[in-house]
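Please read the structure below before turning to the comments.
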Amino acid sequence: MNRLSIFIAVLMILSACTSQRLKDDGEIAASELKQLLVDVSGKHILFGHQDDLAYGIGWKSVEGESDVKRVTGKYPAVFGWELGNIGDAVNIDGVPFDSIKIFIARAHNLGGINTISWHASNPITNLDSWNLTRIDVSSLLPGETNHKLFKNQLDLVAAFLADLKDENGNPIPVIFRPWHEMYGSWFWWGRSTCSDADYKKLFRFTVEYLRNDKKLKNLLIAFAPDNGFSTKEEYLQRYPGDDVVDVLGLDDYGDFEQKRLDNVVVRLEIISDIAKEKGKIAAFTEAGNDKLEIENWYTTNLLQVLKATEKTRNIAYVMVWRNSDTTHFFVPYETHPQANDFKDFVNDKMIFLLEESRK
Ligand code: BMA
């Protein structure tokens, strides 16, 4: 090697080191999480549960507890959390925000994946997400009359997300899932009260504000429609753009209730196709059957749709909703008649709980 080539080699090594250092720790954490989801896609499907460590049937805030673990002996691989009522001490479902931060760190330390939803209050009435009174989404956008009201909420969300650190003080990567179920009309950002154009602006502003102004680089962003679409075009009607979305989701309860498993399959195939085209992750961001009224729902319904085709098998994870009490739950408790069915579901080789996904 002559002197010139040694000089060039040293320069190349130095510039590689510098560009590595320029990468934010949060960005590295988020890209590692994305890679993990890419790697799992097509091979296994991670199972998740909302509020799993916070409470379950007959218990609340007991360290180490989990309804998934009570029945299967293992924690879920994905842990869902909720930011509704941010600014208060406890969230919309009675979980203290300070505790959620601790649960997220615990789930992360265990090797789990955290995802965060946000049932944002109506910024104009200060009532909940389902309150459609006087809502005017265009007035929340930058430069408009109610922008400040909305930004105050977003600042609280940003402060919460900025606090998510592991034991070494490094940012914990999370999948943030704002403005979900936008094709229904039950939330103020839904079809009846928000135009497609305003929805996209609201979504883009949210992500750009968190990533650019608040410098939160540890976020993967999920776009999660309800089942109000039947084609690729309809799915993408409110899609805010490739630069602000990482995970293409689906929230679907209605098709199971109506016994239309074929429709769940079609919708999962649509998100799987779009994810493949765009290089994104496909996920079943919310699924479930409230109170498990459908017999052996986990093996006869959920497993069937997940395994239906090569495309549905590309889903990276499926998350079921929370176990509030015996009138509102999605994971069977130990004495529930479907506990064994749930065990059969998680024992399927395709389904991964925390223990398997960590490996
Ligand atoms: C809904 C229900 C509500 C809850 C809300 C936000 O689906 O579970 O009880 O408050 O989600 O988590």
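The values are calculated or read from the model by the stated rules, or taken from the named source; none is laboratory data. All figures in this text were calculated on a predicted structure; none of them were measured in a lab. Here Cβ is always computed from backbone atoms with ideal geometry, including for glycine, and neighbour counts include all displayed protein chains. Each accessible area value is taken on the protein alone, full model and side chains, heavy atoms only, with ligands, DNA and RNA left out. Shrake-Rupley method; radii C 1.70, N 1.55, O 1.52, S 1.80 Å.
For the chain, a crude dipole built from +1 on the beta carbon of Lys and Arg and -1 on the beta carbon of Asp and Glu, taken about the Cα centre, is about 1140 debye to the nearest 20. Of the whole protein surface, ARG177 contributes about 0 Å² of accessible area at a 1.4 Å probe radius. Taking a Cβ cut-off of under 11 Å around GLY190, the surrounding Lys, Arg, Asp and Glu residues balance to a net charge of 0, with basic ones at +1 and acidic ones at -1. Using the Cβ-Cβ distance between SER61 and THR231 with R0 set to 56 Å, the FRET efficiency works out to roughly 0.80.
Summarising the amide proton neighbourhood of ILE351: residues at separation of 5 or more, or on other chains, whose placed amide H is nearer than 5 Å comprise ILE45.
Taking amide hydrogens as placed 1.01 Å from N in the peptide plane, the amide H of GLY80 sits under 5 Å from those of HIS49, GLN50, ASP51, ASP52, THR115, each at least 5 positions away in sequence or on another chain. Measuring nothing but alpha carbons in the chain and taking Rh as the Kirkwood radius, the Rg to Rh ratio lands at 0.99. Ligands, DNA and RNA left out, the accessible area of the range 85-187 computed with a 1.4 Å probe is 50% carbon and sulfur. Close amide-amide hydrogen proximity is noted between ASN218 and no other residue 5 or more places distant or on a separate chain, at a cut-off under 5 Å (H modeled in the peptide plane; Pro and chain starts excluded). Seen from ASN323, the other residues with C-beta closer than 9 Å to its C-beta sum to a net charge of -3, counting Lys and Arg as +1 and Asp and Glu as -1. Helical content alone sets the calculated 222 nm signal of the chain at -11000 deg cm²/dmol, taking -39,500 (n - 2.57) per DSSP H segment of four or more residues and averaging over every residue.
Look at the alpha carbon pairs under 8 Å that are at least 6 residues apart: their mean separation over the length of the chain gives a relative contact order of 23 percent. Across the range 50-66, coupling constants 3J(HN,Hα) worked out from phi with the 6.51/-1.76/1.60 Karplus curve, θ = phi - 60°, read 6, 6, 4, 8, 7, 6, x, 6, x, 8, 8, 6, 10, 4, x, 6, 6 Hz, and Gly and Pro carry x. Computed from backbone phi, the HN-Hα couplings of the range 325-341 come to 6, 6, 9, 7, 8, 10, 10, x, 8, 3, 8, 6, x, 9, 4, 5, 5 Hz, rounded to whole numbers (Karplus: 6.51 cos²θ - 1.76 cosθ + 1.60, θ = phi - 60°; Gly and Pro given as x). Remark: the chain carries 43 Å² of accessible area per residue (probe radius 1.4 Å; ligands, DNA and RNA excluded). Dipole orientation for the chain: of the candidates GLN35, PHE329, VAL90, GLN35 has the Cα lying most toward the positive pole (charges on Cβ; Lys, Arg +1; Asp, Glu -1). LYS343: net charge of surrounding residues, Cβ under 15 Å, Lys/Arg +1, Asp/Glu -1, itself excluded? Here the charged neighbours net out to -3. Rg and Dmax, both from the Cα atoms of the range 176-308 and both in Å, are 15.4, 49.
Here's the picture: charge each Lys and Arg Cβ at +1 and each Asp and Glu Cβ at -1 in the range 33-358, and of ALA275, HIS44, SER195 the one pushed furthest to the positive end of that dipole is ALA275. Couplings 3J(HN,Hα) for the range 172-187, derived from phi with the Karplus relation 6.51 cos²θ - 1.76 cosθ + 1.60 (θ = phi - 60°), are 8, x, 9, 9, 9, 10, x, 6, 7, 6, 7, 8, x, 10, 8, 9 Hz, where x marks Gly and Pro. With all protein chains in place and a 1.4 Å probe, the accessible surface of the range 188-331 carries 44 percent carbon and sulfur. Full extension of the segment from THR327 to ASN340, taken as 0.36 nm per residue of separation minus the current Cα-Cα distance, would add 2.7 nm.
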